[in-house]
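The values are calculated or read from the model by the stated rules, or taken from the named source; none is laboratory data. Note that the structure is a prediction, hence the values are computed from the model and not measured. Don't worry about glycine lacking a Cβ; one is built from the backbone with ideal geometry, like all the others, and counts go over all protein chains shown. The protein model used for the area step is the full one, side chains on, heavy atoms only, and it has no ligands, DNA or RNA in it. Shrake-Rupley method; radii C 1.70, N 1.55, O 1.52, S 1.80 Å.
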Amino acid sequence: MNNHISRRDYLRMMGLSGLSVGAAAVFGESVPLQYVGESGFQSSVLATNKIQPDRFPAVLANGQVIQPQRPLPILTETDVLVVGGGPAGVAAAIAARRAGANVTIVERYGHFGGLWTGGLVLLILGHIAKGPKQVCQGIGEEMMRRLEKMDRAIINRKPGQNPTVDAEAVKYLMVEMIEEAGVNVFLHCWGVDAIMQGDAVRGAVFESKSGRQAILAKVVVDATGDGDIFAAAGAAFEHRSHNIGLVSRVGNLDRVDPTKAPDADKPTRMGSATPIAGVNWVNLTGPEVDGLDLATLTRMEMNHRKFIWNKMQKTRSVPGYENVYLVETAPQLGVRITRILNGLNTVTLDSITQATRFADVVGVGGASSAKHGEWQIPYGALVPQKIDNVLAAGRCISCDIRMADLVRLIPNCFVIGQAAGVAGAVAARDRCAPRNADVAEIQKILRQQEVYLG
């Protein structure tokens, strides 16, 4: 059966002449069409292409592109707005909601998890400190426990070991936990600007297929990883470069016969095991470049994908490895560090070596190996020096360059995000700037949420 409808057939079905359809388009009327073919897909014409009287397009004038001032529709208002749905953002949203706040989370991709899922960074490093001692508790640990109950969702979940997860299981779990908490969600939205009133952030502006819209909030948690919102608000920060890579997954490794290949030809760097039998995740460090530069990001995406594909074809040409194949390259580029907040306090490497204790501790971080002891995270590292009503969460908090590779680890992002979420809820409830929030109350709620504070 032909599932396509010609224009003539469509007009006959609708009982319309060419003139009436043209008139409908001119006058901006909707011409509805619903058609379900054998495939079961349904299509509807929701609107015509009438001219919008309230459009504010950019104008090219005298060699400059000018964007006129325009009013923005307000999508929603909320107590706590979390921008970014990675590990820090999801933890922040759930924690703030459990602390009693009305919460909205906005994420630019169509899934939660950030680099943990979209970047295929599946190994959970950083939840263990010297001892070994697990310091990542709270919502991060709750996720690990729930993943244990799911089929093929996590492996190496043993004391003193770093577990590995399946990205799809995590995506599902995060949706489940966000819905259970009652968080308001907008996916496919990119935070592009801060809404300011003096030195205070009052919300954020987002771009999406629905156009440019605003969300107003009492407190904004910047969990973008890149500090997009606090930077737009005018908060001081450092701009750093770091390695940008791309993770991939390879399959059929359980069908490899290494005895067929000479030792000199056997492929190396075949990655690490995942919860799916025969499938490994393979990291690619990449060069140290600027993760905020558009041309650089484009070049990294294209070069990395070509490199990974060609490397896999070379592997498949080795005897015994013919069945190995490239399952996927991560849809999200592995940007590690870009902007770092200049906060009221800073996490430093000395805080580990000197076992520094902070009166305003809101979390404890771990390391990528058991050689480092635990380190406390002061609340001041989340708070900008001058700008109000915005908190940093995740890899972009105030830290020295030597600590950056520890701060950005997924479990530490959970801890920081949960702290930011609770702090945002307390500040919104008490109608005060986050810098003036009751730290003792924040610590009390964090302990109630099973966060380890040392």
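Considering only Cα atoms, the convex hull volume of the range 335-407 works out to 86 Å³ per residue.
Expressed as a whole percentage, what fraction of the accessible surface of the chain belongs to carbon and sulfur atoms when a 1.4 Å probe is rolled over the protein heavy atoms?
Values: 11170 of 21900 Å².
It is 51 percent, rounded to a whole number.
Roughly what % of DSSP beta bridges within the chain run antiparallel, to the nearest 5? Once the DSSP bridges in the chain are tallied, antiparallel ones form about 70 percent.
Kindly report the accessible area of the range 152-235 per residue (heavy atoms of protein chains, probe 1.4 Å, no ligands, DNA or RNA), in Å².
Details: 3650 Å² over 84 residues.
Using a 1.4 Å probe on heavy atoms only, each residue of the range 152-235 averages 43 Å².
Between Gly286, Tyr321, Val361, whose Cα lies farthest towards the positive end of the dipole of the range 214-363 when Lys and Arg beta carbons carry +1 and Asp and Glu beta carbons carry -1, centred on the Cα centre? Toward the positive end, the furthest listed residue is Tyr321. FRET efficiency for the Asp265 to Met302 pair, using the beta carbon distance and R₀ = 30 Å, is estimated at 0.55. Neighbours of Glu207 by Cβ distance under 15 Å: Lys/Arg scored +1, Asp/Glu scored -1, total +1.
Of all the stretches in the chain, which is the longest one without any exposed loop site, taking chymotrypsin sites (Phe, Trp or Tyr not before Pro) in a DSSP loop (any state but H, G, I, E, B) with at most 10 other Cβ atoms within 10 Å?
42-454
Can you give the net charge of the other residues whose Cβ lies under 15 Å from the Cβ of Leu246, counting K and R as +1 and D and E as -1? Overall, the nearby charge balance is +4. State the antiparallel share, in %, of DSSP beta bridges confined to the range 38-171, rounding to the nearest 5. About 65 percent, rounded to the nearest 5.
Bridging of Lys266 to lysines at a Cα separation below 25 Å is possible for Lys306, Lys311, Lys314, once same-chain residues fewer than 8 apart are set aside. Considering only Pro73, Gly114, Gly380, and ranking their Cα positions along the charge dipole of the chain that arises from unit charges at the beta-carbon of Lys, Arg, Asp and Glu, the one farthest toward the positive end is Gly114.
Name the trypsin sites (Lys or Arg not before Pro) in the range 317-378 that are in a loop by DSSP and that have at most 16 other C-beta atoms within 10 Å, would you? Please list the in-between numbers first.
Details: sites: Arg336, Arg339, Arg357, Lys371; in loops: Arg336, Arg357, Lys371.
Those that pass, being in a loop and sparsely packed, are Arg357, Lys371.
The overall shape of the range 238-285, judged from the alpha-carbon gyration tensor, is oblate: a/c is not under 1.5, and a/b is no greater than b/c.
Per residue, how large is the accessible surface of the range 393-454? Use a 1.4 angstrom probe and give square angstrom. Present the calculation step by step, with values, prior to reporting the outcome.
Details: 2100 Å² over 62 residues.
Here the per-residue accessible area is 34 Å².
Classify the range 87-232 as rounded, prolate or oblate, taking a ≥ b ≥ c as the square roots of the eigenvalues of its Cα gyration tensor: rounded when a/c is under 1.5, otherwise prolate if a/b is larger than b/c and oblate if not.
Working: a/c = 2.13, a/b = 1.86, b/c = 1.15.
Taking the square roots of the gyration eigenvalues as a ≥ b ≥ c, the range 87-232 is prolate.
Charge dipole of the range 134-238 (Cα centre as origin; +1 on each Lys and Arg Cβ, -1 on each Asp and Glu Cβ, all else neutral): 240 debye, rounded to the nearest 20. Which lysines have a Cα less than 21 Å from the Cα of Lys149, not counting those fewer than 8 places away in the same chain? Of all the lysines, those that pass the test against Lys149 - Cα under 21 Å, at least 8 places apart if same chain - are Lys158, Lys171.
Here is the link list: Lys218/Lys386; Lys133/Lys371; Lys209/Lys386. Which ones come out longer than 22 Å on Cα distance?
Values: Lys218/Lys386 17 Å; Lys133/Lys371 11 Å; Lys209/Lys386 34 Å.
Cα-Cα > 22 Å for Lys209/Lys386; rest within.
Taking semi-axes √(5λ) of the Cα gyration tensor in Å as calculated from this structure, the corresponding entry among (1) 40, 34, 21; (2) 33, 27, 22; (3) 37, 34, 21 is (1).
What shape does the range 87-150 have by the C-alpha gyration tensor, where a ≥ b ≥ c are the square roots of the eigenvalues, rounded means a/c under 1.5, and otherwise prolate means a/b greater than b/c and oblate the rest? Judged from the Cα gyration tensor, the range 87-150 comes out oblate (a/c at least 1.5, b/c at or above a/b).
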